[in-house]
Amino acid sequence: MNLFDIFKGHISTIVSSMMSDGTLPGGLDVERLTVEPPRDVSHGDVTTNAAMVLCKQAGMKPRDLATLLADRLGTLEDVVSVEIAGPGFINLRVAPGFWHRTITDILSAGSAYGDSEFGASEKVNVEYVSANPTGPLHVAHARGAVTGDALAKLLAKAGYDVTTEYYINDAGAQVDTLARSAHMRYCEALGEDIGSIPEGLYPGDYLVPVGKALAERDGDRWVGKEESEWLQEFREFTVASMMEMVRDDLKALGVEQDVFTSENALVQAGVVDDVMATLESRGLIYTGVLEPPKGKIPDDWEPRPQTLFRATEYGDDVDRPIKKPDGSWTYFTNDIANHFDKYRRGFNIQIDIFGADHGGYVKRMKAATMAISGGEAELDIKLCQLVHLIKGGQPVRMSKRAGNFVTLRDLIDEVGKDVVRFIMLTRKNDSQMEFDLEKALEQSRDNPVFYVQYAHARCHSVLRNALGDLSAEDITPEKLRNADLDHLNDPAELDIVRIMANWPRFVQSAAEAHEPHRIAYYLNDLATGFHALWNKGKDDARLRFIHDDDRELTLARLALVQAVAFVIASGLAVFGVTPVEELR
């Protein structure tokens, strides 16, 4: 149940009725009117701009129209007061009985509360991580992985048909470098003294087991052979080994993607040729000479004819090269093919989670997606800024296994999967983040994951304590739905219900904006409200959850407590975090 959709429906019905009886002219368009919580809670529970949106169409002054609407809104069963504010906003206060029905709805839905059909099963592809398969995932990848995974879960909760995807960049020169690095470890495994790893190769210890595995499988088959004889074999084996490691690391983070697409496989399948034929047929490929880059001109820059994509026709700053001087496709061209492949698979909504170093890539990729789909597909790119790890006030920089960075697995081993996931989502993706390893494990108000988990654990502590006077059967969600919720009339109790009633709308708006971090703010607000109510009960016995001498009041408050636990669990599920019932 989305409170604000309900009242938008009421307003639409009222406007239709007023058009039918001649109070308003026919044909008014109500699609643009909004119904939302007021910015200042003292103004009421619901506010709408209906009068201001419809006044021009109706040929009336906003406040005059607001008066007509307010008179009819005031007759609704769930409305206790209506006020007109400012230029014509209409503020409503909702009866306690409406909030009580919200608790019943939550107890019926459980942690599925907030699920909706808003997305109408529209297909969405969310691509995230997509790291080059040249080593273990690091901390920055963790942020992209968590952001993409939570966004996918959020969209699914809002009713979209979501597919998660990892694009394997296995067609570039870096994979040849990886194969050469693995060859050195192969020689090392066969007893050769390889000395220090040469500059330009990957030095991390993670390639040691790859070299051993190749030695065990092939023996000395490749010793002394020309690179051309072993390079392809080593490429395939090492990429497969790296991707197995990547999958294991992602699984440790709670991420299991639906599709893994190989760049090399797309090229081999002719998808690049298909997409180029499509762009050429639309007159979007030409030979031309680009202007020199703005600012300082590189020493090696020279004006020369290039095969270019007309990216400027779709909002990019310049047209983009799609072929290298040697005639091979650019990385950008293969990336166009990747998005073309998604479009052919039916994804008109595509979302990519990229690292901060891809900032210059956004406009060209959006332009390409528009071009290959004839304007049908829309690409949203989310850039994840850097994560700075600190411990004891000092930066954490190195990982022996990786060679020059902290791996994702290092971070998970240090603080745990759920802590990593939650904290990575406490900031918007395009904000830099400082991840304090000590605070992440601290049991204090300053630790956001602890604060929310503590609220959930407190809910279950209350329910366990109630078993002293009530049976387990008495306090099941099914039985608590029948509690007399009229006993819930304290403003602090109703404030919590108002927060919970906003959860379906919050899910919808966060999904629409592609911003899963908003859920962290919501969960913090709900946890704050519950902790405040708990503390009030410590100071005022009347507000305690359990009353030995008043069974009906106890059941009503236990219904509230169980509802809070369900909504927190619903939010944590979006984050891929397991709610705890007891903190140790």
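The values are calculated or read from the model by the stated rules, or taken from the named source; none is laboratory data. Please read all numbers here as calculations on a predicted model, not as lab measurements. Every residue, glycine as well, gets a Cβ built from its backbone with ideal geometry; the counts of neighbours run over all protein chains shown.
Residues of region 224-255 being in contact with a helix residue (DSSP H, G or I) (Cβ under 7 Å, 6 or more places away or on another chain) and part of a loop (DSSP other than H, G, I, E, B), which ones? Scanning region 224-255 gives L253, G254, V255. Within this structure, G110 fails the test of being on the phi < 0 side of the Ramachandran plot, part of a helix (DSSP H, G or I) and not aromatic (F, W, Y).
Conditions (1) of a type outside the set (A, V, I, L, M, F, W, C); (2) in contact with a Lys or Arg (Cβ under 8 Å, 6 or more places away or on another chain); (3) at positive phi, marked per residue:
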position	(1), (2), (3)
G219	yes, no, yes
E226	yes, no, no
E236	yes, no, no
L253	no, yes, no
V259	no, no, no
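Take the conditions (1) assigned to a helix (DSSP H, G or I); (2) under 28 Å from D357 (Cβ atoms); (3) at pLDDT 95 or above; A440 misses just one of them, which is (3). L33 meets all of the listed conditions (1) in a loop (DSSP other than H, G, I, E, B); (2) out of contact with any strand residue (DSSP E or B) (no Cβ under 8 Å at 6 or more places or on another chain) but one, namely (2). Within region 168-195, the set of residues being of a type outside the set (A, V, I, L, M, F, W, C), out of contact with any strand residue (DSSP E or B) (no Cβ under 8 Å at 6 or more places or on another chain), outside any helix (DSSP H, G or I) and surrounded by 14 or more Cβ atoms within 10 Å (Cβ to Cβ) comprises N169, G172.
Scanning region 1-30 for residues that are within 27 Å of the chain's Cα centre (by Cα) and either farther than 22 Å from I106 by Cα or of a type in the set (A, V, I, L, M, F, W, C) (or both) yields a count of 4.
Tallying residues that are of a type in the set (A, V, I, L, M), within 14 Å of R557 (Cα to Cα) and touching a residue at least 12 places away in the same chain (Cβ under 8 Å) within region 524-544 yields 2.
Selection of region 480-512 for residues being without any contact (Cβ under 8 Å) to a residue 60 or more places away in the chain and either over 16 Å from F98 (Cβ atoms) or among the polar types (S, T, N, Q) (or both) yields N482, D490, A492, S509.
When we screen V239, V272, V246, V267 for residues that are closer than 30 Å to T578 by Cα and in contact (Cβ under 8 Å) with a residue 60 or more places away in the chain, the only hit is V246.
Look at (1) among the aliphatic types (A, V, I, L, M); (2) buried (at least 18 other Cβ atoms within 10 Å of the Cβ); (3) at pLDDT below 95 and you find that A85 fails only one, number (2). Is there any pair with a first residue in region 11-23 that is without any contact (Cβ under 8 Å) to a residue 24 or more places away in the chain and part of a helix (DSSP H, G or I) and a second that is surrounded by fewer than 16 Cβ atoms within 10 Å (Cβ to Cβ) and small (G, A, S) whose Cβ atoms are under 6 Å apart and which are 6 or more apart or on different chains, and what are they? From residues that are without any contact (Cβ under 8 Å) to a residue 24 or more places away in the chain and part of a helix (DSSP H, G or I), the pairs are M19/G26. Among the residues in region 460-468, are any in contact with a His (Cβ under 7 Å, 6 or more places away or on another chain) and either buried (at least 18 other Cβ atoms within 10 Å of the Cβ) or not assigned by TED's automatic domain parsing to the domain that holds I519 (or both)? No, region 460-468 contains no residue that is in contact with a His (Cβ under 7 Å, 6 or more places away or on another chain) and either buried (at least 18 other Cβ atoms within 10 Å of the Cβ) or not assigned by TED's automatic domain parsing to the domain that holds I519 (or both).
Per the listing A483, A511, the residue uniquely small (G, A, S) and outside any helix (DSSP H, G or I) is A483.
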